[in-house]
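Peer 1: Let me give you the structure first, and then I'll get to my questions.
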Amino acid sequence: MNQTPTETSGVIVTDPSKMPPLVQVSPKALKEIRRFLAQQDNPNLGIRLAIKGGGCSGLSYHMDYDEPKERDHVLKQDGISVLIDRKSAIYLKGMTLDFNDGLNGRGFKFINPNASNTCGCGESFSV
């Protein structure tokens, strides 16, 4: 059964049990996000995923701590709020956020099925 997201005071809250989530966050990424959020002194913070113009492929990924803003998509996954503005949601739909802690680099990895071209660093893409 598909149900539309609920809108409360301008913030769109998506219940992942009722519809497929806009983005997925891997268990490794959730663990790392939880570690970072625990160091902050604000229980209202979540992780914001966004797209900005720029980068060597035209669009670049952006991550930051933030509180929900009006008209945001707020995805709750294992107690973590993932915040996505409406404009970025178009480019992030179906994306998976992962975390790599191997020998070849440590950091978040964006796995985006919408990207037709990705730069070598993995931080920018085009559609």
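Peer 1: For Q39 and I90 in one chain, what is 0.36 nm times their gap in residues minus the Cα-Cα distance, to one decimal in nm? Don't skip to the answer; put the middle values down first.
Peer 2: Numbers: separation 51, 0.36 × 51 = 18.36 nm, distance 3.08 nm.
Stretched out fully, the Q39 to I90 stretch lengthens by 15.3 nm.
Peer 1: In what order do S88, S26 fall by count of nearby beta-carbon atoms within 10 Å, going from fewest to most? Please report the intermediate quantities before stating the final value.
Peer 2: Values: S88 22, S26 17.
Going from sparsest to densest Cβ surroundings: S26, S88.
Peer 1: So how do K52, K93 line up by other beta-carbon neighbours within 10 Å, fewest first? Intermediate values should be presented prior to the final figure.
Peer 2: Numbers: K52 12, K93 16.
Neighbour counts put them in this order, fewest first: K52, K93.
Peer 1: What order do you get for 97-107, 69-79 when each peptide is scored by the mean count of other beta carbon atoms within 10 Å, highest first?
Peer 2: By packing density, highest mean first, the sequence is 69-79, 97-107.
Peer 1: Tell me, in nm to one decimal, what length is gained between K31 and K76 on full extension, where the rule is 0.36 nm per residue of separation less the Cα-Cα distance?
Peer 2: On the way: separation 45, 0.36 × 45 = 16.20 nm, distance 1.42 nm.
Length gained, K31 through K76: 14.8 nm.
Peer 1: Additional query: Once you place label points 7 Å from the Cα toward the Cβ at E67 and N100, how far apart are they in nm?
Peer 2: Spacing of the two 7 Å Cα→Cβ label points: 3.5 nm.
Each reported figure results from applying straightforward, stated rules to the coordinates on display, with no laboratory input. Quantities reported herein were computed from a predicted structural model and do not represent experimental measurements. As a convention, Cβ positions derive from the backbone with ideal geometry for all residues, glycine included, and neighbour counts pool all protein chains shown.
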